[in-house]
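What follows is calculated from the coordinates using simple rules that are stated; it is not laboratory data. All values reported here derive from a predicted model rather than from experimental measurement. Methodologically, a virtual Cβ is constructed for each residue, glycine included, from the backbone with ideal geometry; neighbour enumeration extends over all protein chains shown.
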Amino acid sequence: MAITDKIYVKNHRQLSSQLETNIPKGAFKGATLDILFQGKGLEKLDDATRERVLDFATDFLDCDCQNNPYCGCPERKFIRYLLELRAQGLGPDAIVDVMSDDYMVYAYSGDVLSFLDSGVRTLEAAEGLARVEGNDDASNKIRRTKQELSR
């Protein structure tokens, strides 16, 4: 299961009430993406909530793909965002706090830790493959990236 399947809308019931429609709790579920992408009813949200929802839509749903928002770009952009937070030295708890403050979404710290651990394991495998292939440049780059994630 991808980390984006474990990202939830904070205050989901309140948001559903303000929008006067039921939305799934998952931030990357189809109906949630539809509402955010199409912008229907966002004028009903209070200013602070609307700002965060629009920030989320702008930062993650903006791409030129024909199947937007179902093209996978929003999920890839969000994963990149999580990795950037980790590269800044934030731990799982802090990452959850920042994503909650930035976009009104949350995850469980254990799920974020699992995602980061899985990323490190994948990088270890890629580093080994690059070494076997004799690609020292790729191996060194992967090692540096791995070190950023595992500090």
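Using just the C-alpha positions of region 19-65 as equal point scatterers, what log10 of I(q)/I(0) does the Debye formula give at each q in 0.28 1/Å?
For the requested q values the scattering log ratios are -1.21.
Given only helices, namely DSSP H runs of n ≥ 4 each adding -39500 (n - 2.57), what is the per-residue ellipticity at 222 nm of the chain, to the nearest 500 deg cm²/dmol? Before the final figure, lay out the partial values.
Working: 7 runs with 97 residues, N = 151.
My calculation for the chain gives -20500 deg cm²/dmol from helical runs alone.
Apply the a/c threshold of 1.5 to the C-alpha gyration tensor of region 47-103 and tell me whether it is rounded, prolate or oblate. Let's see the in-between values first.
Working: a/c = 3.22, a/b = 1.35, b/c = 2.38.
Cα axes put region 47-103 in the oblate bin.
In whole Å, what three semi-axes, largest first, describe the equivalent ellipsoid of the chain built from its Cα gyration tensor (square root of 5 times each eigenvalue)? Each step should come with its number before you reach the end.
Details: eigenvalues 225, 54, 29 Å².
So the equivalent ellipsoid measures 34, 16, 12 Å along its semi-axes.
If contacts are Cα pairs under 8 angstrom and at least 6 residues apart, what is the relative contact order of region 1-77 in percent? Kindly include the intermediate steps, with their values, before the conclusion.
On the way: 60 pairs, mean separation 18.7, N = 77.
Answer for region 1-77 is 24 percent.
Label points 7 Å out from Cα along the Cβ direction at SER17 and ALA94: separation in nm?
Inter-label distance under the simple model: 3.5 nm.
If the elastic network links every pair of Cα atoms under 10 Å, which of ASN140, ASN68, ASN22 fluctuates the most in the Gaussian network model of the chain?
Maximum among the listed residues: ASN140.
Quote to one decimal, in nm, the extra length available between LEU61 and GLU84 on full extension: 0.36 nm per residue of separation minus the C-alpha distance between them. Walk me through the numbers on the way to the answer.
Working: separation 23, 0.36 × 23 = 8.28 nm, distance 1.79 nm.
Full-extension gain reported as 6.5 nm.
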